[in-house]
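Take a look at the structure below.
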Amino acid sequence: MKRFGSFNIFSLIVGFSFLYIPIILLILFSFNESRLVTVWGGFSTKWYGELMQNQGIKDAAWVTIKVAFVSSTIATILGTIAGLVMTRFGNFKGRTLFSGMIYAPMVMPEVIIGLSTLLMFVALAIDRGIFTVTLAHITFSMCYVAVVVQSRMSSYDDSLTEAALDLGCTPFRTFILITLPIILPAVISGWLLSFTLSLDDLVIASFTSGPGSTTLPMKIYSMVRLGVTPEINAVSTILVGVVTLGVITASLIGRRQKQQVLKTQHT
Amino acid sequence: MSENIQFSPWLDSSQKPYIQIQNVTKRFGEFTAIDNLTLDIYKNEFFSLLGPSGCGKTTLLRMLAGFEKITHGKILLDGEDISEIPPHLRPINMMFQSYALFPHMTVEKNIAFGLKQDNLPSNEIDQRVEEMLELVELTDFANRKPNQLSGGQSQRVALARSLAKRPKLLLLDEPLGALDKRLREQTQFELMDIQEKLEVTFVIVTHDQEEAMTVSSRIGVMDSGNLVQVATPAEIYEAPINKDVADFIGDVNILKGIYKGQNKVGTQLFSEDSNSIVYATQDVGASVEDEMWFAIRPEKLEISKVAPSDDHNILKGTIEDIAYGGSFSTYHVKLDNGRILKAIRANRERTKEHHLTWDDEVYLQWAPHSAVVLLS
């Protein structure tokens, strides 16, 4: 392995600073005693306590968690099915179109997704609320699950399924007893991924939410427009923590699974 | 099966075939993998499907298991048409080339899997799993996961799992392909023992002709979607139906001959290689001047430095190469016209004493009944 040259270390520091100094500042100032956001007044956790008194933020957090939980669960079910179909059924007619349509939301501007789902809800005269936000989140996070599951399925040995069928297991039971347990890590990391995506989505939620369904990112955004308060720093820090935890868990699961695949291939 | 030394139900017209493959065709799009194939397999047979890769042998096996749909024709098992029965309802089990052990289950759970699908009482499942573990000598490994097993152990778990349901027919797809040579030979005998002990009909797919010769009651040699010859290993080896079969099974010298008629010694063929008439005892229906071939296995060629006393079936040449194989040596003998023939000689005395070495002028002779005349 090549040693780090001084230039490399410099680039690394500059790059990471660029990415993380704002977040670190945000976290630091969430523990600021002073009411003025940019003036350090000593360490304190009082803004976290204050947060607990803020009914608006608590409501928004609760909405966000509900939406994230339901949408990521449904997106995981649908995304897993889509991922399976794409690997299992080989080259069926319209496969390219189908996979293109699944991946499209990954590259589609969020504004477009938000706007188009809003138009649909209006056209269908569906009252906007938690339900519509959840639907919209399912739509855009499903593709991430599909990608994760598909990549796991590409290294899945189809003869495992055949062996189970051969031993008298019905196709459905085979999926439950054999396929699902083997791809479970991928499914879980897909779920975590869509959970975090739903958690920090602002744009699509703004388009599709209605009264009483303000999500946490929306709440933060509206509070910021009235001026940044240490309270916002505190709630953002919590959000950063949750998302980081989700992403790290997802990648750890993914790595463990990759090692397992390698291990079985070696023996 | 000790009382049944001559096991050959295919010669007994009163025997009913156990598996009947009737005019089966399988197409993948434009490609015809199996072309109007008909084959009967009898109870307790150890039947090998042998052929080069892409000959359709695996496709045929997968059709027996139910993983491939038949395009035309049908397959009967014990007189019942199973063509439309999905794999999980067929009383047939298969051992996969990759073994396909369930990685998230222990050895024990893998073996019990099929039995659980039949909703057997748990004490019976335990008992059968125990039996199977004993059969494949893996009792101590019951709680291991597949990734903690060696190749040979995995192979035996796969075998135990596929036998646990006591299928009447077991399909084996290249069962020993992933094992090294020594282990493979040992396992071949184990397979034969198990097959006899449990009285299961085995259909095995292999590309290894030695393996097929060792284990089979009969071999079906396949090529481009059809059976070329179905016979016992000895028949396939000693009386191949054409050049391709002769060449595919074992080593062989194939020489061209022009048919010159019959006399009291046998069939007379003019050989360009010896520039003389050679004899074979086999009768052939042909007309004079027809072109044909005769095949001689290397071990049936007598190699010697001394000219044989009688002058039938002799070729002269020089030793070009010697492959010393311990118990035997293979000599590559170059004829005067440049053709190279292979002759095998058992090293009954130590090599020093028989004085056959490079560039020696030697005579190759074979008995008229040792050569097989091939029309195509």
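Of all residues in the range B:69-105, how many are assigned to a loop (DSSP other than H, G, I, E, B), among the polar types (S, T, N, Q) and either within 13 Å of chain A (Cβ to nearest Cβ) or touching a Gly at 6+ places or on another chain (Cβ under 9 Å) (or both)?
Total meeting the criteria: 3.
When the range B:55-68 is filtered for residues that are within 12 Å of chain A (Cβ to nearest Cβ) and aliphatic (A, V, I, L, M), the ones remaining, listed by number, are B:Leu61, B:Leu64, B:Ala65. Right, B:Thr38: within 14 Å of chain A (Cβ to nearest Cβ) and β-branched (Val, Ile, Thr) or not? No: the conditions fail for B:Thr38. A Cβ distance below 9 Å, combined with a sequence gap of six or more or placement on separate chains, defines the contacts here; from the range A:218-238, residues that are part of a helix (DSSP H, G or I) reach residues that are of a type in the set (Lys, Arg) in the pairs A:Pro230/A:Arg35; A:Pro230/A:Lys46; A:Val235/A:Lys219.
Assessment of the range B:330-353 against the conditions (touching a residue at least 60 places away in the same chain (Cβ under 8 Å) and over 29 Å from B:Ile241 (Cβ atoms)) yields no matching residue. Screening B:Met213 against (1) part of a loop (DSSP other than H, G, I, E, B); (2) outside the structural domain of B:Arg345 (by TED's automatic domain parsing) leaves a single unmet condition, (1). Only a single item in (1) more than 12 Å from every other protein chain (Cβ to nearest Cβ); (2) within 30 Å of B:Leu61 (Cβ to Cβ) is not met by A:Ala163, and it is number (1).
With B:Thr201, B:Thr139, B:Thr206 as the choices, which residue is farther than 25 Å from A:Phe172 by Cβ, touching an Asp or Glu at 6+ places or on another chain (Cβ under 8 Å) and surrounded by fewer than 17 Cβ atoms within 10 Å (Cβ to Cβ)?
B:Thr139
Number of residues in the range B:117-133 that are more than 9 Å from chain A (Cβ to nearest Cβ), farther than 8 Å from B:Ala164 by Cβ and not in a loop (DSSP other than H, G, I, E, B): the value is 9. If the condition is being in contact with a Ser or Thr (Cβ under 7 Å, 6 or more places away or on another chain), among the charged types (D, E, K, R) and assigned to a loop (DSSP other than H, G, I, E, B), then the range B:144-180 contributes B:Arg144, B:Lys145, B:Lys168, B:Glu174.
The strands (runs of 3 or more DSSP E) located wholly in the range B:16-61 that include 3 or more residues which are surrounded by fewer than 22 Cβ atoms within 10 Å (Cβ to Cβ) occupy B:19-28, B:31-41.
Every residue in the range B:356-376 that is surrounded by 19 or more Cβ atoms within 10 Å (Cβ to Cβ) and not in a strand (DSSP E or B), please. Once the filter is applied, which keeps residues that are surrounded by 19 or more Cβ atoms within 10 Å (Cβ to Cβ) and not in a strand (DSSP E or B), the range B:356-376 yields B:Trp366, B:Ser370, B:Ala371.
The set of residues from the range B:181-211 being among the polar types (S, T, N, Q) and out of contact with any Ser or Thr (no Cβ under 8 Å at 6 or more places or on another chain) comprises B:Gln186, B:Thr187, B:Gln195, B:Thr201, B:Gln209. Considered as a group, the residues in the range A:200-216 that are surrounded by fewer than 22 Cβ atoms within 10 Å (Cβ to Cβ) and within 14 Å of the chain's Cα centre (by Cα) include one that is farthest from A:Ser71 (Cα to Cα), and that residue is A:Leu202. For the range A:93-115, the criterion of being under 30 Å from A:Pro171 (Cα atoms) and touching a residue at least 24 places away in the same chain (Cβ under 8 Å) is satisfied by at least one residue.
Take A:Ala164 and tell me if it is in contact with a Leu (Cβ under 8 Å, 6 or more places away or on another chain) and assigned to a helix (DSSP H, G or I). Yes, satisfied. Within the range B:85-124, the set of residues being surrounded by 16 or more Cβ atoms within 10 Å (Cβ to Cβ) and of a type in the set (Val, Ile, Thr) comprises B:Ile92, B:Thr106, B:Val107, B:Ile111.
I'd like to check something: does the range A:111-124 contain any residue that is in a loop (DSSP other than H, G, I, E, B), within 14 Å of another protein chain (Cβ to nearest Cβ) and more than 20 Å from A:Phe69 (Cα to Cα)?
Checking the range A:111-124: not a single residue is in a loop (DSSP other than H, G, I, E, B), within 14 Å of another protein chain (Cβ to nearest Cβ) and more than 20 Å from A:Phe69 (Cα to Cα).
In this structure, does B:Lys256 turn out to be farther than 28 Å from B:Pro52 by Cα, outside the structural domain of B:Leu37 (by TED's automatic domain parsing) and not polar (S, T, N, Q)? Judged against the criteria, B:Lys256 is not a match.
Condition first: touching an Asp or Glu at 6+ places or on another chain (Cβ under 7 Å) and touching a residue at least 12 places away in the same chain (Cβ under 8 Å). Can you find one or more residues in the range B:303-314 that meet it? Yes: the range B:303-314 contains one or more residues that are touching an Asp or Glu at 6+ places or on another chain (Cβ under 7 Å) and touching a residue at least 12 places away in the same chain (Cβ under 8 Å).
The values are calculated or read from the model by the stated rules, or taken from the named source; none is laboratory data. What you see is a predicted model; the values in this text were computed from it and never measured. Neighbour counts are summed over all protein chains in view; Cβ atoms, including those assigned to glycine, are modelled from backbone coordinates with ideal geometry.
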